[in-house]
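Below is one structure, written out as structure tokens; the observations come after it.
The values are calculated or read from the model by the stated rules, or taken from the named source; none is laboratory data. Since the model is a prediction, treat every value here as computed from it, not as a measurement. Note that each Cβ is placed from the backbone with ideal geometry, even for glycine, and that neighbours are counted across all protein chains shown.
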Amino acid sequence: MPKIVRRIGSIALGITLATVTFVAIAIAGLSQSGGEPSSPAVLVTDVQKLTHAPVDGQFVVAVVLGQSGSDTSDVFAPFEVLASSPSFFVYTVAASADPAPVDGGMSVVPAHTFADVASGVAPAPDLVVVPAVNGPADPAEAAARAFIVTQYTAGARILGVCAGSRLLAASGVLDGLRATSHWSRIAALKKSNPDVSWVTGERYVQDGRVTTTGSVTSGIPGALKVMADMAGDAEAIRVGNAIRYPGWSLDAPTAMPVKSFGFEDSAFLMNAAFPWVRPRVGVELRDGVDEIDAAAIFEVYTYSQGAAATALSRKGTVTTRHGLVVETGPLSDSPTVPIVAGELGAKGSEQGFDAAFEQLSKSTSTSVVQSVSKMIEYPIDRVTQNVAPLTALARTPLLLTLGVLLAVGVGLLPTLIGRAVRRRRRAAANAT
């Protein structure tokens, strides 16, 4: 009987150790995945910031840049939408004049600081765009929270993009209002900010002067709706037709399916849990690139967790079509021949997120592409998907196998050690 109990105990201990080891590997991988997206580029000292000013009748828009790192598309996409209209004067603003990090190893040089707005050096905004930042409640974002409250109190409209609602909630602006956020964030937001009426299944939600969007790319229709409210339907339709967001129209329903993680996301989740030895993709940015074209490729690679995309340029800094000043790594750092943002696919083909998803499909599975589409809420019906080579699909399953083998090995240690101890005891007994 004692032998049976000992064996059962050894098996239980082995299973526990194997499970704990595998979970620890996955947690370490998820931590690394969560910490990768934003990394400031090397400071370029000869950047020339734009100094133009709004003309009479223009609405002033301030796009906030976080100090802890901002989501690229949350900044770039609304910037392009609003700056595409002569009715709007759009600038970026941050706590300091230092370049602010966004995904892809890029940094955006803010046109103004919060202090510039407070002193009148920069025009006071009629609309404040708030992106997702990495640490919405952290001390590093205290100045951003104060700026948002000050401008909202002064009468400005607010557009919170995707998880930018976390920064708005942390500032207190959303208390007593209806709001939405990315579907993966709402459950936690309901617990942390119960004074907000959180809404699911809506592409955007408007309550008074505050508009919040339900996903990353929903910042585009959200910005177009705010444009219609401020500059009129005709202007929003004109810009929307140029942007070509799939299925968009001013009277399109705002409802969208309520999402959650499921078995179909297993390959995507494995990418996040086993991030090691990811391929690196160099993405060249050139002066005059459309902001959405620049952001989309980094967005899909970041969410896929299947490759690390890094922004590169010949001079180390580029100015986008509508005046964003972006710092990048040098083009010489590219590990392979870089792809060029805004020039993907066949000549004349759709760019932006369509081209980004097509590019992503060359190096990952269809299920991962579908999961990324779900994560950023971008319809991919019109996207031409490629079949990735087996070599590109093998990395994550191989790492998963190695992780399982390591966990099993750790789980077998008590049994192996016990056997070794018993052999030694038997040998000692035989020797006497």
Revision key, fill the gap. The number of residues in segment 117-144 that are in contact with a Pro (Cβ under 6 Å, 6 or more places away or on another chain) and surrounded by fewer than 21 Cβ atoms within 10 Å (Cβ to Cβ) is 1
Revision key, fill the gap. Over segment 213-264, the set of residues polar (S, T, N, Q) and under 23 Å from Glu350 (Cβ atoms) is Thr213, Ser215, Thr217, Ser218, Asn241, Ser249
Exercise for review: Give Phe147, Phe114, Phe79 a once-over and let me know the one that is buried (at least 24 other Cβ atoms within 10 Å of the Cβ), closer than 26 Å to Thr317 by Cα and hydrophobic (A, V, I, L, M, F, W, C).
Suggested key: Phe79
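So that you can scan it fast, the table gives a plain yes or no per residue for (1) free of Cβ contacts under 8 Å to residues at least 60 places away in the same chain; (2) under 27 Å from Ser184 (Cβ atoms):
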| position | (1), (2) |
| --- | --- |
| Thr92 | no, yes |
| Pro101 | no, yes |
| Ala111 | no, no |
| Asp116 | yes, no |
| Val121 | yes, no |
| Ile148 | no, yes |
| Leu174 | yes, yes |
Practice item. Working only within segment 318-338, note down all residues that are touching a helix residue (DSSP H, G or I) at 6+ places or on another chain (Cβ under 8 Å) and either in a loop (DSSP other than H, G, I, E, B) or at pLDDT below 90 (or both). Key: Thr320, Arg321, His322, Gly323, Leu324, Pro338
Review point. Filter segment 150-167 for residues that are on the phi < 0 side of the Ramachandran plot and of a type in the set (A, V, I, L, M, F, W, C); which is surrounded by the most Cβ atoms within 10 Å (Cβ to Cβ)?
Key: Val161
Check your understanding: For Ala308, are the conditions met, namely being closer than 24 Å to Val63 by Cα and either in contact (Cβ under 8 Å) with a residue 12 or more places away in the chain or not assigned by TED's automatic domain parsing to the domain that holds Pro379 (or both)?
Key -> no
Study note, to complete from the structure: Note on segment 115-147: residues closer than 22 Å to Phe89 by Cα and touching a strand residue (DSSP E or B) at 6+ places or on another chain (Cβ under 6 Å) are Ala122, Pro123, Pro125, Asp126, Leu127, Val128, Val129, Val130, Pro131, Ala144
Practice item. Could you check Gly222 against (1) of a type in the set (Gly, Ala, Ser); (2) assigned to a helix (DSSP H, G or I); (3) surrounded by fewer than 20 Cβ atoms within 10 Å (Cβ to Cβ) and say which number it fails? Key: (3)
Revision key, fill the gap. Taking segment 172-222 and keeping only residues that are hydroxyl-bearing (Ser, Thr, Tyr) and within 12 Å of Ile158 (Cα to Cα), one is left with Thr211, Thr212, Thr213
